[in-house]
Amino acid sequence: MEPLIHLVIPFTALTLYGLEWRTALPLALLALLPDLDVLFHVHRSMSHSLVVISLVGLPLLMLAYRLKTPRAGWLGLLAVASHIALDVFAGYTPVLWPLYGNSAWIQTELMAQISSIPTLIPALKIAMEPTRFIAFQSIDAPLLTGKGLIISLVLILPILVKALEKKRWMMNRARERLMK
């Protein structure tokens, strides 16, 4: 899955949860962390395991409690977990490594058959394969696709419009106060 989608999905969820975009953005950026494994020439490695993310996130969550920002800690952890949730629908992902030695890929679709009797045909397949962390020499991966861009724009546009409206409202209020 492309990085833009990994960023936009948690960003949108966090703003729908009620966070200001300035707070939601840095938390949503945490969702990109699992893909830093490519810097070590491996992709979808242990950084894509909910077990590992939990073990790494636990001390950070304790730090968030000490800093009196537990909500930010939990939301940041959920943003990172959203990356793994999205990837498991895009390809084999070691979701429970090292507790479970297989990587999972959830494949779903809902087909519509339009004929004399319209029918919906759901399909769900959970594919498994042994987890192997194999180093690569190079990797070709989309950073941006047309579909991802359109989905991202549709999700972000209402947030941007709302932020601009709020800014304009605040500027009008400030102007009114100066006029008094």
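What to note about this one:
- For the chain, the average shadow cast by the Cα convex hull is 16.5 nm², which is a quarter of the hull's surface.
- Tilt relative to the chain, helix 50-66 - C-alpha long axis, 0 to 90 degrees, to 10: 30
- Tilt relative to the chain, helix 70-87 - C-alpha long axis, 0 to 90 degrees, to 10: 40
- For the stretch 89-116 and the stretch 1-60, distance of Cα centres in Å: 20
- Gyration tensor verdict on the stretch 1-100 (Cα atoms; rounded if a/c is under 1.5, prolate if a/b is larger than b/c, oblate otherwise): oblate
- Protection proxy ranking, peptides 127-136, 68-77, average beta carbon neighbours within 10 Å, highest first: 68-77, 127-136
- Estimated FRET transfer efficiency (L110, L153; beta-carbon r; R0 22 Å; 0.05): 0.35
- Angle between the chain longest axis and helix 146-179 axis [Cα atoms, degrees, rounded to 10]: 20
Taken together, the values in this text are just the output of simple stated rules run on the coordinates, not laboratory data. Not measured: the values here are computed from a predicted model. Reconstructed Cβ throughout: ideal geometry from the backbone, glycine too, with neighbour counts over all protein chains shown.
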